Amino acid sequence: TPRFSCFPQAEIRTCNMTNTSGMDPARIRRLNDPARLERVDPNHIWQVLEPFSGHTIADIGTSTGYVALPFAARFPAATVYACDILPGMLALVREAAGVQSLDNITCVEMTGSYTALPESSIDLVTMLQVHHELTDAEGLMTECFRILKTDGTLVIIDWKHEDDGGPPSTGRRTSSRQIQTHLEDAGFSDIRTHAAYELHNLITARR
């Protein structure tokens with residue numbers, strides 16, 4: 001399986017040129033830290049999904065494109081929608097896509113839990129380290145269900161709660177059981193937790 005770096009040096013330099021007013025520079029550096037690959041490598045998502053033959057992917061809460069960029073590189077025939085509520089983050093994704101000559105990424109500015117993507121239009125939705133930050137998890141799961149095609153897949157990767165064997169943490173954590181409840185309430189089925197990461201749950205669900 002080929003491995004794509006989310007953060008080539010040219011991309012990091014270009015991202016520094018973007019106007020990131022209103023965003024925490026330290027957070028951007030953490031998001032762009034190549035060491036993240038040691039903890040939560042997107043390759044593991046592909047391994048769980050293989051074979052994947054979809055044509056539309058929506059990465060919700062894309063931030064700097066940690067999942068969206070390598071997915072666009074791996075599936076050049078697919079359209080990848082990088083979705084976020086912060087225009088500055090989307091600007092970083094656009095610049096990085098330009099540096100990597102990726103013309104199959106479309107940036108989508110979200111309003112709350114609403115993506116504005118058409119109903120039943122997406123084959124795969126990904127969410128990386130987003131769920132624990134949500135104030136309206138039920139609303140966003142309902143939105144994911146709305147935009148997915150029948151038999152489409154939602155992938156949630158988030159920090160493990162102590163109930164799931166995660167380490168003690170002072171940060172917000174959502175247990176896999178709570179995530180499953182949110183998914184079931186939104187109408188999802190075939191919900192599975194995969195042992196892909198040491199510190200993160202990887203949960204898949206079907207529409």
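The values are calculated or read from the model by the stated rules, or taken from the named source; none is laboratory data. Note that the structure is predicted; figures quoted are calculated from it, not measured. Please note: Cβ atoms are built from the backbone with ideal geometry, for glycine as well, and neighbour counts cover all protein chains shown. To get the accessible areas, we keep the full protein, side chains included, count just its heavy atoms, and leave off ligands, DNA and RNA. Shrake-Rupley method; radii C 1.70, N 1.55, O 1.52, S 1.80 Å.
Here are a few things to note about the model shown:
- The residues listed here are 163, 151; of these, the one that is part of a helix (DSSP H, G or I) and in contact with a Lys or Arg (Cβ under 9 Å, 6 or more places away or on another chain) is 163.
- Residue in the stretch 14-22 that is surrounded by 20 or more Cβ atoms within 10 Å (Cβ to Cβ), of a type in the set (A, V, I, L, M, F, W, C), farther than 22 Å from residue 153 by Cα and at pLDDT below 70 present: yes
- Residues that are among the hydroxyl-bearing types (Ser, Thr, Tyr) and under 22 Å from residue 84 (Cα atoms) within the stretch 140-192 comprise 142, 153, 174, listed in sequence order.
- Single residue of the stretch 173-194 satisfying the filter (under 18 Å from the mean Cα position of the chain (by Cα) and among the aliphatic types (A, V, I, L, M)) that is nearest to residue 118 (Cα to Cα): 183
- Qualifying residue in the stretch 155-164 (condition: aromatic (Phe, Trp, Tyr) and closer than 14 Å to residue 201 by Cβ): yes
- Any hit, the stretch 135-144, residues being in a loop (DSSP other than H, G, I, E, B) and either in contact (Cβ under 8 Å) with a residue 60 or more places away in the chain or of a type in the set (Val, Ile, Thr) (or both): yes
- Every residue from the stretch 30-62 that is of a type in the set (Lys, Arg) and open to solvent by 20 Å² or more (accessible area, probe 1.4 Å): 30, 39
- Among the residues of the stretch 44-97, the ones that are of a type in the set (A, V, I, L, M), assigned to a strand (DSSP E or B) and either more than 17 Å from residue 123 (Cα to Cα) or in contact (Cβ under 8 Å) with a residue 40 or more places away in the chain (or both) come to 3 in all.
- Within the stretch 102-129, restricting attention to residues that are under 19 Å from residue 46 (Cβ atoms) and open to solvent by 10 Å² or more (accessible area, probe 1.4 Å), the residue that is modelled with the lowest pLDDT is 129.
- Qualifying residues in the stretch 134-186 (those that are basic (Lys, Arg) and surrounded by fewer than 18 Cβ atoms within 10 Å (Cβ to Cβ)) - the one nearest to residue 41 (Cα to Cα): 172
- Test: residue in the stretch 174-197 that is among the charged types (D, E, K, R) and either touching a residue at least 60 places away in the same chain (Cβ under 8 Å) or in a loop (DSSP other than H, G, I, E, B) (or both): no
- Matching residues, the stretch 150-172, being of a type outside the set (Asp, Glu) and over 17 Å from the mean Cα position of the chain (by Cα): 150, 161, 165, 166, 167, 168, 169, 170, 171, 172
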